[in-house]
Amino acid sequence: MAAEDPATRRVQVAEHPRLLKLKEMFNSKFGSTPKFYVRAPGRVNIIGEHIDYCGYSVLPMAVEQDMLIAVGPVKTQTLQLANTDPLYPDFSTTANNICIDKTQPLWHNYFLCGFKGIQEHFGLTQLPGMNCLVDGNIPPSSGLSSSSALVCCAGLVTLTVLGMRLSKVELAEICAKSERYIGTEGGGMDQSISFLAEEGTAKLIEFSPLRATDVKLPSGAVFVIANSCVEMNKAATSHFNVRVMECRLAAKVLAKHKGLQWDKVLRLEEVQSELGISLEEMLLVTEDALHAEPYSREEICKCLGISLEELRTQILSPNTQGELTFKLYQRAKHVYSEAARVLQFKQVCEAAPDNAVQLLGELMNQSHRSCRDMYECSCPELDQLVDICRKAVATALLSSLVWIGRALHSSCMAPRTRGKPLHGEGAIWGQIKLFSSGCHNCCGWAVPNQD
């Protein structure tokens, strides 16, 4: 199914309150009726955090929260973007002169990434204009990939306006590449699950080539996503790209240590593949080759036999050139151990033992500890949220409930209680916003307007 085109569904807009409201706002804004609507979801990564850009498989699922765009093609070459949220100002530009400012991660730039990605894929120089009204209910900067959902939505919008066709896999690959226009060096997980997700199953996403495999989660468990209410825009800071670079430098130093052609190596997975050894053995290599103290730029240059100028101009990205130290051991240890946990998680799901929830929960707990201690991508608020929830669950005698922390949100897996999820959709538990439970059918789709 992953090779198919994105689904097209015909709906009566009047029967869908959100679409109807969007249609009315579009008409008020642009003085016309939208021709079609496009949707792309957010996602939660169950396990496999920060390893997609290192070449390893991840295990996400889509959530029901999404980006929705109402679209009306126009005869001019003007691209007009508006948002239902007044916090995001209108934007207008010519469709044939797309400029994306990496120093300004404004909301419309994510739309421009998807638009430009389709334009460059087909080598087009003359594109039609369009009016677009965006409505999103994915909490921004929460770690649920609102920005990637907007990029995917924009790519599908542009493809639909042009009347061209691409498979879901092709769209995912184009959108993953095009989001880098804004300066983030992601690996493609967010865009892949946005297009390849299916209801009722998580997906094992593998890369080179991109492919998705169903992973059936335990039938006796539900997943609930909680927002810690701490925001982080990964394009607005260098934290994300520093982690990417630390992994790249670790891969090069490990490759040099093992006598490989290190200058061609970009990802930690490539080192393992070249050596032909297991992930467990790669952890031993990491212990042997790297030290826990941060590496200075000078020490990295000494390890690789290059000058500071070569490091700066040939390896470091523009937004990491100011970094003085890099933690190579911690990042490599997280990546190799997390990659192993993804495979173990899939194996438990396939075997479906009676204690599957407990086994998966322990893997998720290990993942959180590694994210917190080795990759340092957690935060105090999230760590506190995890601790509070564990204590609360113990009081409620739900001993199988386990939490996994992510940079800004937490996803919990719990045994199903009396056939119902622990909390209803959109419930508020203290200061924690609970978004959704379960896997959602969330590949991008265009909806022709039938009203």
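The values are calculated or read from the model by the stated rules, or taken from the named source; none is laboratory data. As the structure is a prediction and not an experimental result, all values here were calculated from the model. We place every Cβ from the backbone using ideal geometry, glycine too, and count neighbours over all the protein chains shown. Areas reflect the complete protein model, heavy atoms only, side chains present, ligands, DNA and RNA absent. Shrake-Rupley method; radii C 1.70, N 1.55, O 1.52, S 1.80 Å.
General remarks:
- If R0 is taken as 56 Å, the Cβ-Cβ distance between THR313 and ASP90 corresponds to a FRET efficiency of 0.90.
- On a per residue basis, the range 290-361 carries 48 Å² of accessible surface, using protein heavy atoms and a 1.4 Å probe.
- Amide hydrogen neighbours beyond the local backbone of VAL58, cut-off 5 Å, H modeled: ILE205
- Using R0 = 22 Å, the C-beta based FRET efficiency linking ALA14 and VAL74 works out to 0.35.
- Straight Cα distances below 16 angstrom link LYS116 to the aspartates and glutamates ASP101, GLU170, GLU173, GLU179, with same-chain residues fewer than 8 positions distant left out.
- For the pair GLU170 and HIS239 in one chain, pulling the backbone fully straight at 0.36 nm per residue adds 22.0 nm over the alpha carbon distance.
- Rg/Rh (Cα only; Kirkwood hydrodynamic radius) as it applies to the range 1-107: 1.02
- The residues of the range 9-141 expose, per residue, 42 Å² of accessible area to a 1.4 Å probe.
- Think of the range 207-338 as having a plus end and a minus end, set by charges on the Cβ of Lys, Arg, Asp and Glu; of THR313, SER278, PHE326, THR313 sits farthest toward the positive end of this dipole.
- Cβ-based net charge around ASP5, under 10 Å, with every Lys or Arg adding one and every Asp or Glu removing one: 0
- DSSP-assigned coil residues among chymotrypsin sites (Phe, Trp or Tyr not before Pro) in the range 101-182, each with at most 12 further Cβ atoms within 10 Å: none
- Amide H contacts under 5 Å for ASP66, placed H, 5+ residues apart: GLY42, ASN137, ILE138
- Among the listed pairs LYS168/LYS258; LYS177/LYS252; LYS203/LYS256, a Cα-Cα separation exceeding 29 Å is found for LYS168/LYS258; LYS203/LYS256.
- q = 0.11, 0.20, 0.23 Å⁻¹, the range 151-260: log10 I(q)/I(0) [Debye, one scatterer per Cα]: -0.53, -1.19, -1.24
- LYS35 accessible area, assembled protein chains, probe 1.4 Å, Å²: 130 Å²
- Mean projected area (nm²) of the alpha-carbon convex hull when the range 198-305 is viewed from all directions: 10.6 nm²
- Note on THR103 and GLU293: with the Förster distance fixed at 35 Å, the Cβ-Cβ geometry gives a FRET efficiency of about 0.60.
- For the range 376-381, 3J(HN,Hα) per residue [Karplus equation, 6.51 cos²θ - 1.76 cosθ + 1.60, θ = phi - 60°, Hz, x = Gly/Pro]: 6, 10, 9, 8, x, 4
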